[in-house]
1. Could you tell me which numbered condition residue 49 fails, if it satisfies all but one of (1) open to solvent by 60 Å² or more (accessible area, probe 1.4 Å); (2) more than 22 Å from residue 135 (Cα to Cα); (3) in a strand (DSSP E or B)?
2. State which residue pairs qualify: first residue part of a loop (DSSP other than H, G, I, E, B) and inside the stretch 115-130, second residue of a type outside the set (D, E, K, R) in any location, beta carbons under 9 Å apart, and separation of 6 or more residues or different chains.
3. Every residue in the stretch 66-103 that is part of a strand (DSSP E or B), among the hydroxyl-bearing types (Ser, Thr, Tyr) and exposed (fewer than 14 other Cβ atoms within 10 Å of the Cβ), please.
4. Report the residue count in the stretch 144-166 for those that are open to solvent by less than 70 Å² (accessible area, probe 1.4 Å) and at pLDDT 80 or above.
5. If you go through the stretch 105-142 one residue at a time, how many are open to solvent by less than 70 Å² (accessible area, probe 1.4 Å), more than 17 Å from residue 157 (Cα to Cα) and not small (Gly, Ala, Ser)?
Amino acid sequence: MKKLILTLFIASISSVVFAQWGEEEMSEKPSWKERVFVGGGLAGLSFSSYSDYFAVAVLGGYKITPKLAGGVQIQYRFTNYKTVPKIKTNDYAVSPFLRYNFYGPLFLHAEYEYLNYQYIDYSGEVSRRGFDSFMLGGGFFQPAGRKAGFYLLALYNFNYQSASQNPYSPYTSPFVIRAGITVGF
């Protein structure tokens with residue numbers, strides 16, 4: 001249990017995304033440069049006696065209004081299972097999202113994720129399949145200057161399937177917690 005808690009803590013805290021986001025003022029007729037944000041960073045990290053895992057993400061988006069933004073995140077996940085024989089898996093995800101700042105530092109977040117992932121089947125072979133997720137939730141953004149800040153995001157995956165529904169489910173819980181730091185370019 002301690003390893004699970006430590007893994008969840010490290011994965012959520014090490015989700016560092018470098019991007020430009022906040023409720024900063026835009027000029028009356030903002031240029032596309034004021035509306036576009038890009039970034040990337042570490043999206044997850046975990047080490048255990050069973051496996052090592054890391055994920056990196058890049059994202060780009062567009063501020064539709066000062067409070068509403070949309071974009072897409074692309075993620076790569078690598079897992080090294082310390083079994084005999086050793087197995088390594090590679091997962092890829094693309095996630096279009098919308099985020100709306102509704103009150104001060106609070107925002108609503110909607111995201112669709114398509115995950116193409118590898119898993120170990122009952123015969124011990126590595127197989128690949130796709131998984132669709134629709135996630136909704138909200139978060140808190142604490143600015144630290146004009147183009148930087150800390151965020152905490154909690155999402156619920158409406159397409160979550162437990163191990164009894166899908167023995168090869170890529171998620172262990174319907175809840176997704178992310179925390180990170182944003183830094184503008």
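1. In the conditions (1) open to solvent by 60 Å² or more (accessible area, probe 1.4 Å); (2) more than 22 Å from residue 135 (Cα to Cα); (3) in a strand (DSSP E or B), residue 49 misses (3) alone.
2. Note: pairs meeting the criteria are 121/127; 121/167; 121/168; 122/167; 124/83; 124/85; 124/87.
3. Of the residues in the stretch 66-103, the ones part of a strand (DSSP E or B) are 68-81, 87-103.
So of that shortlist, the ones also among the hydroxyl-bearing types (Ser, Thr, Tyr) come out as 76, 79, 81, 89, 92, 95, 100, 103.
Hit for the stretch 66-103 is 103, nothing else.
4. Residues meeting the conditions: 9.
5. Residues in the stretch 105-142 being open to solvent by less than 70 Å² (accessible area, probe 1.4 Å), more than 17 Å from residue 157 (Cα to Cα) and not small (Gly, Ala, Ser): 9 in total.
The values are calculated or read from the model by the stated rules, or taken from the named source; none is laboratory data. A quick note: this is a predicted structure, and the numbers were derived from the prediction, not measured. Because the Cβ atoms are built from the backbone with ideal geometry, glycine has one as well, and the counts that use them run over all protein chains shown. In case anyone asks, the SASA skips ligands and DNA or RNA and just uses the protein heavy atoms, side chains included. Shrake-Rupley method; radii C 1.70, N 1.55, O 1.52, S 1.80 Å.
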